[in-house]
Amino acid sequence: MFKTSMLKKISVFMGAMSLAACAWVSPSQESQYIALIKPAAAGSCQKLGDTRVKTVAKVLLSRSSEKVSNELIILAKKEAVVMGGDSIAASGSIIDGEQVFGVYDCR
């Protein structure tokens, strides 16, 4: 009984850790052409709006801040495609796996 219970706990933990190591989102073909710019560089661009994107920041343990940041950028780029933009700029910090980006047309 004890062995079975312990094995279940270990397998659940290992499964969760495997998920935490995986990339949750991947770029679309179109989003690869969206530029990530500094907010100061957006002055000569037309702002199309904002997008608020969110990803999983914690799976039992906190995920790497670099992975979370990269996923938020990918998600914002995907939204920029839908909005007709060619550039994004972060409008604030990451809070609980969520961030706001401005979407711009800089052509």
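The values are calculated or read from the model by the stated rules, or taken from the named source; none is laboratory data. Predicted model only: the values in this text are computed from it and were never measured. Neighbour counts are summed over all protein chains in view; Cβ atoms, including those assigned to glycine, are modelled from backbone coordinates with ideal geometry.
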* Asked: Does Gly84 meet the test of being modelled with pLDDT of 95 or more and small (Gly, Ala, Ser)?
  -> yes
* Residues of region 78-102 satisfying the condition of being outside any strand (DSSP E or B), under 24 Å from Ser62 (Cα atoms) and either out of contact with any helix residue (DSSP H, G or I) (no Cβ under 8 Å at 6 or more places or on another chain) or charged (D, E, K, R) (or both) -> Gly92, Ser93, Asp96
* To do: Answer yes or no: is there a residue in region 37-51 that is under 14 Å from the mean Cα position of the chain (by Cα) and not in a helix (DSSP H, G or I).
  => yes
